[in-house]
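Asker: Handing you a structure now.
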Amino acid sequence: MSEPTEDSVRADVAAWLKDNWSPDLGLVEWRLKLCESGWGAPHWPKQWYGRDLPVKFNAVVDEEFAKVGAVGVAKAGIRTLAAATILAHGTDLHKQKYLKRILTGEDTWCQLFSEPGSGSDLAGAVTRADKRGNKWVINGQKVWTTSAHKAQWGLLLARADWDQVKHKGLAYFIIDMKQPGVQVHPLRQMNYHASFNQVFFSDAEVEPEMMLCDVGDGWKVATTTLMHERRGADGTRNWATSTGKKGRIYEEEAAEVATTMEPYKWYPQRAGRVDLILPRAKETGAINDPVIRQEIAKLLIMSKSAEWTARRARAAQDQGKPQGPEGSLGKLISSNVARQAARVHTYMSGQDALLSGADGPMDGVIGEILISVPAGSIAGGTDEIQRNIISERVLEMPKEPSVDTNKPFKDVPRNTVAKAAS
Ligand SMILES: Cc1cc2nc3c(=O)[nH]c(=O)nc-3n(C[C@H](O)[C@H](O)[C@H](O)COP(=O)(O)OP(=O)(O)OC[C@H]3O[C@@H](n4cnc5c(N)ncnc54)[C@H](O)[C@@H]3O)c2cc1C
């Protein structure tokens, strides 16, 4: 068979859409067709709802979908991280059980990594997983868990062997969030949204086959999830927006956006809304101010270079190379872009930028940008942590001194209450 080209992929997807797309279908019904055909996740393996196409063709497929107004598979949220992790490390059982429902949007996921005493120092997790009979039993606390209040399934990093050193005693599970022993408490943020939660585990159970790796390999699997999270800008993850179009599928999509996507509705603001900069500059007359124009130029240059870095990451992925430093570089650049965008928005709106709701410019969107942008420098690993990764792995500078990686984790002094089994 000849190698796919942009033209051949475009022709294939256009022909398939012509025969299959209809806005009168139900959302899940349509997405099941996408799973069958592989056009919902063309870069996934053929065996698992994809077409084995290089990821660079996703943009071509998206363009053809947009031309006819076709709805895509569910791409927003932690589900895409779950899918990437399961594709890389899962068994056939995991793939069968979860991948299709991720694409159809029927299941929502959350990422149970951060704890009160381990965010940046994620490998210091102390949520415990103990084998009792033929089940794993989970006890402990997670925090910052986006969407846990909506999630059916969680990606859980927990300590299963306290006699091993820090990075070697972890296990990685898929856990049912709707079982007894899992309590979810929402947290309110400074931008008024409540997308994160605290999650408490009290003897919550996991079947042994729901472990994604052997005990001790949990850190390796978590690294896969984090790499994908940091690379988020590569177009395989997205936030869903409602099109406002008429037709059964658009109405169901709008309902999905209003419910499942609710925790993410401020995410575009978190990225700084670079798309609003030029229209606002023209509308407010700020475009004529030489100082603001300089700041806008700086922002657009940064934004363009971020896009190119993301493309470089995509090209590397395309060539089958393992995730490189572009994830950390891209994440750091996107924090800088968001901060610069917030700065320019502030220049353009002046003190009104502080007003929220209908009192503020753009019905409070500008105010929401200002108080949401700091999240980007924290979520998925802080800017400082990305700089550490870049300095150690790219620039090959000496590693940070460590005092806790050369002894069994149970002997490492900690400031949290969790303890090794007595
Ligand atoms: C919008 C958002 C969504 C999130 N969603 C999730 C989620 O779904 N699931 C989840 O598990 N977590 C989630 N998080 C948590 C996030 O991953 C953590 O907040 C982040 O890793 C930082 O951890 P921490 O908050 O414990 O800060 P800490 O690790 O306590 O860091 C505090 C400060 O110290 C600095 N610091 C720490 N260590 C170093 C070091 N070695 N060198 C230099 N500086 C250092 C940090 O950069 C930071 O400025 C989310 C966070 C946000 C903001």
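FYI, it's all coordinate maths here, none of it is from the lab. Treat the numbers as computed from the prediction; the structure is a model and nothing was measured. When we count neighbours, we look across all protein chains shown, and the Cβ atoms used for this are built from the backbone with ideal geometry, even at glycine.
Asker: Scan the range 140-157 and tell me whether some residue there is assigned to a helix (DSSP H, G or I), closer than 30 Å to Pro42 by Cβ and touching an Asp or Glu at 6+ places or on another chain (Cβ under 8 Å).
Answerer: Here is the first cut: in the range 140-157, the ones assigned to a helix (DSSP H, G or I) are none.
There is no residue in the range 140-157 that is assigned to a helix (DSSP H, G or I), closer than 30 Å to Pro42 by Cβ and touching an Asp or Glu at 6+ places or on another chain (Cβ under 8 Å).
Asker: So, in the range 278-324, exactly how many residues are out of contact with any Ser or Thr (no Cβ under 7 Å at 6 or more places or on another chain) and within 20 Å of Val394 (Cα to Cα)? So that I can check it myself, show each step before the final result.
Answerer: So the first thing to find is which residues in the range 278-324 are out of contact with any Ser or Thr (no Cβ under 7 Å at 6 or more places or on another chain), and the list is 278-305, 307-324.
Among the residues that remain, those that are also within 20 Å of Val394 (Cα to Cα) are: 305, 307-317, 319-324.
Number of matching residues: 18.
Asker: Give the residue, chosen from Asn191, Asn197, that is assigned to a strand (DSSP E or B) and not hydrophobic (A, V, I, L, M, F, W, C).
Answerer: Unique residue meeting the criteria: Asn197.
Asker: What are the residue pairs meeting all of these: first residue in the range 402-414, first residue touching a residue at least 40 places away in the same chain (Cβ under 8 Å) and in a loop (DSSP other than H, G, I, E, B), second residue surrounded by 11 or more Cβ atoms within 10 Å (Cβ to Cβ) and of a type in the set (Val, Ile, Thr), Cβ atoms under 6 Å, and 6 or more apart or on different chains?
Answerer: As it stands, the answer is Asp404/Val412; Thr405/Val165, since those pairs meet every condition given.
Asker: Turning to a different aspect of this structure: Among residues belonging to the range 100-153 that are touching a Pro at 6+ places or on another chain (Cβ under 9 Å) and farther than 30 Å from Cys35 by Cα, point out the one that is farthest from the ligand (Cβ to nearest atom).
Answerer: Of everything passing the filter in the range 100-153, Asn134 is farthest from the ligand (Cβ to nearest atom).
Asker: Got a sec? Which of Val9, Val71, Val61 is assigned to a helix (DSSP H, G or I), out of contact with any Gly (no Cβ under 9 Å at 6 or more places or on another chain) and crowded, with 16+ Cβ neighbours inside 10 Å?
Answerer: When all the criteria are applied, what remains is Val9.
Asker: Same structure again: Which count do you get for residues in the range 74-99 that are assigned to a helix (DSSP H, G or I), among the basic types (Lys, Arg) and within 18 Å of the chain's Cα centre (by Cα)?
Answerer: 1
Asker: Let me ask something else about it. When you scan the range 194-210, how many residues do you find that are within 21 Å of the chain's Cα centre (by Cα) and crowded, with 21+ Cβ neighbours inside 10 Å?
Answerer: 4
Asker: Let me ask something else about it. Can you spot a residue in the range 161-170 that is touching a Lys or Arg at 6+ places or on another chain (Cβ under 6 Å), surrounded by fewer than 20 Cβ atoms within 10 Å (Cβ to Cβ) and not in a strand (DSSP E or B)?
Answerer: yes
Asker: Suppose the filter is away from the ligand (no atom under 11 Å from the Cβ), touching a His at 6+ places or on another chain (Cβ under 7 Å) and part of a helix (DSSP H, G or I); does Ile390 pass it?
Answerer: No, not satisfied.
Asker: Could you list, ordered by first residue, the pairs with Cβ atoms under 7 Å in which the first is in the range 94-117 and without any contact (Cβ under 8 Å) to a residue 24 or more places away in the chain and the second is within 16 Å of the ligand (Cβ to nearest atom) and outside any helix (DSSP H, G or I), at least 6 apart or interchain?
Answerer: Arg101/Asp107
Asker: Moving to a separate point now. Looking at (1) buried (at least 18 other Cβ atoms within 10 Å of the Cβ); (2) assigned to a loop (DSSP other than H, G, I, E, B), which is the only condition Ser120 fails?
Answerer: It fails just one condition, (1).
Asker: Same structure again: Taking the conditions exactly as written (touching a residue at least 12 places away in the same chain (Cβ under 8 Å) and over 19 Å from Leu81 (Cα atoms)), does Ile296 satisfy them or not?
Answerer: Yes, satisfied.
Asker: Give the residue that is farthest from Lys410 (Cα to Cα), with candidates limited to residues of the range 171-218 that are in contact with a Lys or Arg (Cβ under 8 Å, 6 or more places away or on another chain) and acidic (Asp, Glu).
Answerer: Of everything passing the filter in the range 171-218, Glu207 is farthest from Lys410 (Cα to Cα).
Asker: Would you say Lys331 is part of a helix (DSSP H, G or I), closer than 26 Å to Pro116 by Cβ and away from the ligand (no atom under 14 Å from the Cβ)?
Answerer: For Lys331, the condition - part of a helix (DSSP H, G or I), closer than 26 Å to Pro116 by Cβ and away from the ligand (no atom under 14 Å from the Cβ) - is not met.
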